Amino acid sequence: MIHHRFYHFLKNLDPSRLPGQAAQMRMSPTPLDPEFVLPRHPTKTAHPSSVLIPIYPDSNQKLHVVLTLRSDRIRHAGQISFPGGRQENSESLKETALRELHEEIGIPDNIVKTAGPITPLYLPRSV
């Protein structure tokens, strides 16, 4: 299979050189309440979770990203997100992302080629 050049770019990134938390903190919104401090590390109630950022080329090699719209019947109703969710049992974070991709939008893991992980980040739970 011939992969898009962007796949090769991602595959060759050095994970230790990704901006991760520093970039997250620069892009974080400023809280309206000056007393609120955005947690930078997982709390005792945090759950390991994972997302997959599905990027695919069309017939003209133009890239597209798949996002999901959360159902009105679940937590985070109406939010736009990447497919993903909470890690289960002893699965790896990659297995979690692939499982959630299949559960949420029906793409089986045997047709997915992952380019690599993104920097692990702690995101505080939203309500």
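The values are calculated or read from the model by the stated rules, or taken from the named source; none is laboratory data. Being a predicted model, the structure only gives us computed values, none of them experimental. Neighbour counts run over all protein chains shown; Cβ positions are idealised from the backbone, glycine included. Note: areas computed on protein heavy atoms with side chains; ligands, DNA, RNA excluded. Shrake-Rupley method; radii C 1.70, N 1.55, O 1.52, S 1.80 Å.
Overview of results
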{"read-out": "For Val112, residues with placed amide H under 5 Å, excluding near neighbours", "value": "none"}
{"read-out": "Whole-number accessible area per residue in Å² for segment 1-54, which is evaluated in the context of all protein chains at 1.4 Å", "value": "89 Å²"}
{"read-out": "Global geometry of segment 5-71, whether rounded, prolate or oblate, following the gyration tensor of its Cα atoms and the 1.5 cut on a/c", "value": "prolate"}
{"read-out": "Simple Cβ-charge dipole of the chain, Lys/Arg +1 and Asp/Glu -1, about Cα centre, in debye nearest 20", "value": "260 debye"}
{"read-out": "Helix axis angle, 93-105 relative to the chain longest principal axis, alpha carbon, degrees", "value": "80 degrees"}
{"read-out": "Where labels lie 7 Å past Cα in the beta-carbon direction, separation of Leu63 and Ile111 in nm", "value": "2.1 nm"}
{"read-out": "Stretchable slack from Arg75 to Lys11, in nm (0.36 nm times residue separation minus alpha-carbon distance)", "value": "19.7 nm"}
{"read-out": "Theoretical FRET efficiency, 1/(1+(r/R0)^6), r = Cβ-Cβ of Leu18 and Asn89, R0 30 Å, to 0.05", "value": "0.60"}
{"read-out": "Proximal lysine pairs, the chain, alpha carbons under 22 Å, eight or more residues apart or interchain", "value": "5"}
{"read-out": "Sulfur and carbon atoms: percent of accessible area, the chain [1.4 Å]", "value": "57 percent"}
{"read-out": "Relative contact order (%) - criterion: Cα under 8 Å, at least six apart; region: the chain", "value": "30 percent"}
{"read-out": "Of Ile107, Ile53, Ile74, the one that fluctuates the most in a GNM where the chain has Cα springs shorter than 10 Å", "value": "Ile74"}
